[in-house]
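The values are calculated or read from the model by the stated rules, or taken from the named source; none is laboratory data. Bear in mind the structure is a predicted one, so any value in this text is a computation, not a measurement. Virtual Cβ from ideal backbone geometry, glycine too; neighbours counted across all protein chains shown. What goes into the accessible areas is simple: the full protein's heavy atoms, side chains included, and nothing from ligands, DNA or RNA. Shrake-Rupley method; radii C 1.70, N 1.55, O 1.52, S 1.80 Å.
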Amino acid sequence: FKLSPAAGVTINGSAFYYDYKDKQVFGAVPDIIFVYLNRIVNIPKSHLYGFEGDVSFSPVKGLTARVSGTYIKSKIDEYFGFDQYGRQNNFAGTGFAFTPKVQMNAMLSYGFDVGSNFNARLTGSGRYSSSQQADLINDSFFKIAPYTVFDTNMSLETNDSKYQFNIFVRNLTNKYYWTSVQGLQDSVVRYANMPRTWGGALTVRF
């Protein structure tokens, strides 16, 4: 559905359901030397459902706000295979890997004129992800904790859009979190996010 009242508020939403047969995912197969190896496997039966929506509004001239979110529930209905330890396992009832239940995004942006030749825009944004698993058996070693990250951006642009200069800060609070977890024989490897990052960019359009 979509609702756009005259007050400048726009609301979008949708619900979805997927019924999978032989869904392909990265799984594990036993190996004599390496205990297990990763490869694509087929899950005979599984399903996923959820909903998503967003709200955007402009309370005053030049100011725009937007909030969006997604809820996903996944479940394996039938799959008998191997886990990352090379053990046979019945995965029925577990969820998909790397599928957080809740994800949220928020953005606040304000644009204004700078003199007669330039316009500027200040933007702040944040994103949240609930906890998720990097495996199919919900092993605590492969759990990715929830995290919230904030970014900021300031742009200065000529009115003809020929020149634009941006200054940005990503991961403003220098939040440490994992983006992926993988097993490597007798080790568990966790991949961290980028730390606080500053930068600038100049764009010239011809």
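Do any chymotrypsin sites (Phe, Trp or Tyr not before Pro) in segment 2-63 lie in a loop, going by DSSP, with at most 12 other beta-carbon atoms within 10 Å of their beta carbon, and if so which? Please list the in-between numbers first.
Working: sites: Phe16, Tyr17, Tyr18, Tyr20, Phe26, Phe34, Tyr36, Tyr49, Phe51, Phe57; in loops: Phe34.
Answer in residue order: Phe34.
Please report the carbon-and-sulfur percent of the accessible area for the chain; probe 1.4 Å, protein heavy atoms only, DNA, RNA and ligands left out.
Working: 7570 of 13040 Å².
Using a 1.4 Å probe with all protein chains present, the chain comes out at 58 percent carbon and sulfur.
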Check your understanding: Averaged per residue, what accessible area in Å² does segment 48-89 show with a 1.4 Å probe, protein chains only?
Key -> 57
Review point. Which residue fluctuates the most in the chain, going by a Gaussian network model with Cα springs under 10 Å, if the choices are Asn159, Asn105, Asn90?
Key: Asn159
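Using a probe radius of 1.4 Å on heavy atoms only, what accessible surface per residue do you get for segment 94-202? Whole Å² is fine.
On the way: 6510 Å² over 109 residues.
I get 60 Å² per residue for segment 94-202.
Could you list the trypsin sites (Lys or Arg not before Pro) in segment 46-86 that lie in coil according to DSSP, counting only those with at most 10 other Cβ atoms within 10 Å of their Cβ?
Working: sites: Lys61, Arg66, Lys73, Lys75; in loops: Lys61.
Qualifying residues, ordered by number: Lys61.
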Exercise for review: Grab the chain and count how many Lys pairs have their alpha-carbon atoms under 19 Å apart, sequence gap of 8 or more, or different chains.
Suggested key: 14
